[in-house]
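Notes for the one structure printed next.
Each reported figure results from applying straightforward, stated rules to the coordinates on display, with no laboratory input. Quick caveat, the model's predicted, so the values are computed rather than measured. FYI the Cβ positions are ideal-geometry reconstructions off the backbone, even for glycines, and counts take in every protein chain you see.
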Amino acid sequence: MSSKMVGSNNLAHARRMVQQLRVEASIERIKVSKASADLMRYCGENAKYDPLLMGIPASENPFKDKKPCTIL
Amino acid sequence: MSELEQLRQEAEQLRNQIRDARKACNDSSLSQITAGLDSVGRIQMRTRRTLRGHLAKIYAMQWATDSRLLVSASQDGKLIIWDSYSTNKIHAIPLRSSWVMTCAYAPSGSYAACGGLDNICSIYSLKTREGNVRVTRELSGHTGYLSCCRFLDDSQIVTSSGDTTCALWDIETGQQTTTFTGHTGDVMSLSLSPDSRTFVSGACDASSKLWDIRDGMCRQSFTGHVSDINAVIFFPNGNAFTTGSDDATCRLFDLRADQELMMYSHDNINCGITSVAFSKSGRLLLAGYDDFNCNVWDTLKGERAGVLAGHDNRVSCLGISSDGMALATGSWDSFLRIWN
C-alpha cells in the first residue's frame, strides 16, 4: 500500500471520527439527580410486580418443589 | 496546519466538550439519592429445577416470551428447547457447527437462532408443518465469530460479532439491512431496548454504545470499564443499561444523563462477569461470574443482596423470564438451573 493511500485512509478515518463525536456531543443531557430519582421511582412503582424481589408464595410458584406422589 | 491536524484538534475539543457536559450534569450520585431508601434485605433463591441433558459446556440461553420454554446452546453441538416447568426437552436440535456461542428465541416462539465460530447466524423454524425442526436461513456476512443475536420479530434479527460490527438482518432475504460500525474491539453482547428502536452493545474495547436500529447511527458511547465487556442488558424502562466485564465490575449507565451512575464490585470479587439480567422492577441486578457463582445486587444502593451458589463451573449465561418469576442460569458444568 503506498503512503498516499495510507494518508487518505487516515484522513477519511479522522473525518468519520469527528463526525461521530459531533453527534455524541450534541445530545441533550439531564442531571444525575433527576436520572437517579426517575430510576428510584420506577423501581418503587413496579416493586409489587417483581416476584423475585417480593418473594413468591408456594401456592403461586409454578416452580414449587415437586412433592413425591403417595399411592393411597 | 494540515487537514489531518485540524481534524485531530477538533476531535480533542469535542471529547473535552462531552467530558465537560457530563461533569455539568454530575450534581449528585445514585448512592446519595437512594441513601434513605430501605435496603432490599437478604435475597435468597433456591434451585427449583435442574435441566440435565447437554454433554458439554453451555454457552448461551434465552427464555421464550411465554416464561415457560427456554432455549440453550452447548458446544456439544446441540440447541435444546426445554419446558422449564416439567424439565422435559421439547426439541434437541443438532447443529451444523458445534462451536456455538449464542442462541436466541423469537418473541413469537416460532423460531430459534444460534451461531458462533462459524461466523454464521442460523435460523431454525420450530413450527414446521411436518413437525420437525429445520434450518430456514443461514445469515452469513460477518467476518468474525457470532457473539450474540436477538430477534426483533420473525423477520428481523440483530447480531454482534468478533469482527467489531453489529448488523440488522432481513431474515427473508438473508441480507444485512444495516451495519453498525464504530467499536474497535470484538463486540461481545447486545441488548434490545424495550421499544425495539435502539440497542446497546458491549465490546472488548471496554466501551458500550447505543445504536439507532433504523438509521444505523451510534448515538452515544460510554467508557469506564478497564477490560472487555462481556454482557450488557437494558434496565426495564429503557432509560439505563448495565454492563458486566472482565474487570470484575458491573456498571449502570444512564442514557439521559449520558454517564455511569453506579459500579457493582467488591474487594472479594476478582473474576470476570459473563452475564447480567434485571428482575422485573429493575431493583435487583443478577450477574453470573467466572468463579461459579451468581451475585444478586441491589441496583439502586449498589450493595450485594445475595449469592446463588450451586454450579460446579463458570456461570456462562443467565436470564430472567418475562413474567419475572424465575432466573435461569447456564454453566460450563453442562447444566441449567431454574431459581426463585
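Points to keep in mind about this one:
- For chain B: relative contact order, % (alpha-carbon pairs under 8 angstrom, 6 or more apart): 14 percent
- For the stretch B:229-242, Karplus couplings with θ = phi - 60° (6.51, -1.76, 1.60), whole Hz, Gly/Pro x: 8, 9, 8, 8, 8, 6, 5, x, 8, x, 8, 8, 8, 10
- Calculated from the alpha-carbon coordinates, the stretch B:170-242 shows an Rg and a Dmax of 12.4, 40 Å respectively.
- Using C-alpha pairs under 8 Å with a sequence gap of at least 6, the mean separation divided by the residue count of the stretch B:212-320 gives a relative contact order of 19 percent.
- Direction-averaged projected area, Cα convex hull, the stretch B:109-179: 4.3 nm², rounded to one decimal.
- Cysteines not pairable in chain B (beta carbon separation under 4.7 Å absent): B:Cys25, B:Cys121, B:Cys148, B:Cys149, B:Cys166, B:Cys204, B:Cys218, B:Cys250, B:Cys271, B:Cys294, B:Cys317
- Computed over Cα pairs, the Kirkwood radius of the stretch B:247-308 leads via Stokes-Einstein (0.890 mPa s, 25 °C) to a diffusion coefficient of 207 µm² per second.
- Amide H contacts under 5 Å for B:Ser110, placed H, 5+ residues apart: none
- Rounded to the nearest 5, the antiparallel percentage of DSSP beta bridges internal to the stretch B:79-140 is 100%.
- Given 13 as the ceiling on other Cβ atoms within 10 Å, longest exposed-site-free region of chain B for trypsin sites (Lys or Arg not before Pro) in DSSP loops: B:215-340
- Note on B:Arg19 and B:Asn88: the model spin-label points, each 7 Å out from Cα along the C-beta direction, lie 6.1 nm apart.
- Each residue of the stretch B:206-222 was assigned a 3J(HN,Hα) from its phi angle through the Karplus expression (A = 6.51, B = -1.76, C = 1.60, θ = phi - 60°), giving 6, 10, 10, 9, 9, 10, 8, 4, 5, 9, x, 7, 7, 8, 8, 10, 10 Hz with x at Gly and Pro.
- Fully extending the segment from B:Ser31 to B:Thr65 would add 8.9 nm, taking 0.36 nm per residue of separation and subtracting the current Cα-Cα distance.
- Which listed pairs, of A:Lys31/B:Lys301; B:Lys57/B:Lys89; A:Lys64/B:Lys127; A:Lys48/B:Lys89, have C-alpha distances above 24 Å, in listed order: A:Lys64/B:Lys127; A:Lys48/B:Lys89
- Förster radius 35 Å - calculated FRET efficiency between B:Thr50 and B:Thr136 (Cβ-Cβ, nearest 0.05): 0.65
- B:Thr177 long-range amide H proximity, modeled H, under 5 Å: B:Leu168, B:Trp169, B:Asp170
- Both radii come from the Cα set of chain B: Rg as radius of gyration, Rh as Kirkwood radius; their ratio Rg/Rh reads 0.98.
- Karplus 3J(HN,Hα) series, Hz, for the stretch B:136-147 with 6.51 cos²θ - 1.76 cosθ + 1.60 (x for Gly, Pro): 9, 8, 10, 8, 10, x, 5, 9, x, 4, 8, 9
- The mean number of Cβ atoms from other chains found within 10 Å of a Cβ in peptide A:11-23 is 5, as a whole number.
- Relative exposure of B:Met188, A:Met40, B:Met325, B:Met263, judged by other C-beta atoms within 10 Å (fewest first): B:Met263, A:Met40, B:Met325, B:Met188
- Under 17 Å from B:Lys280, Cα to Cα: aspartates and glutamates that are on another chain or at least 8 residues apart: A:Asp38, A:Glu45, A:Asp50, A:Glu60, B:Asp66, B:Asp195, B:Asp298, B:Asp323
- Residues with amide H under 5 Å from that of B:Thr164, placed H, sequence gap 5 or more: B:Val187
- Given 11 as the ceiling on other Cβ atoms within 10 Å, longest exposed-site-free region of chain B for GluC sites (Glu not before Pro) in DSSP loops: B:173-340
- For the protein assembly as shown, the square roots of the Cα gyration tensor eigenvalues, ordered a ≥ b ≥ c, give a/c of at least 1.5 with a/b no greater than b/c, which places it in the oblate category.
- Exercise: per-residue mean of other protein chain Cβ atoms within 10 Å, B:277-290: 4
- The stretch B:272-322 and the stretch B:161-192 have Cα centres separated by 26 Å.
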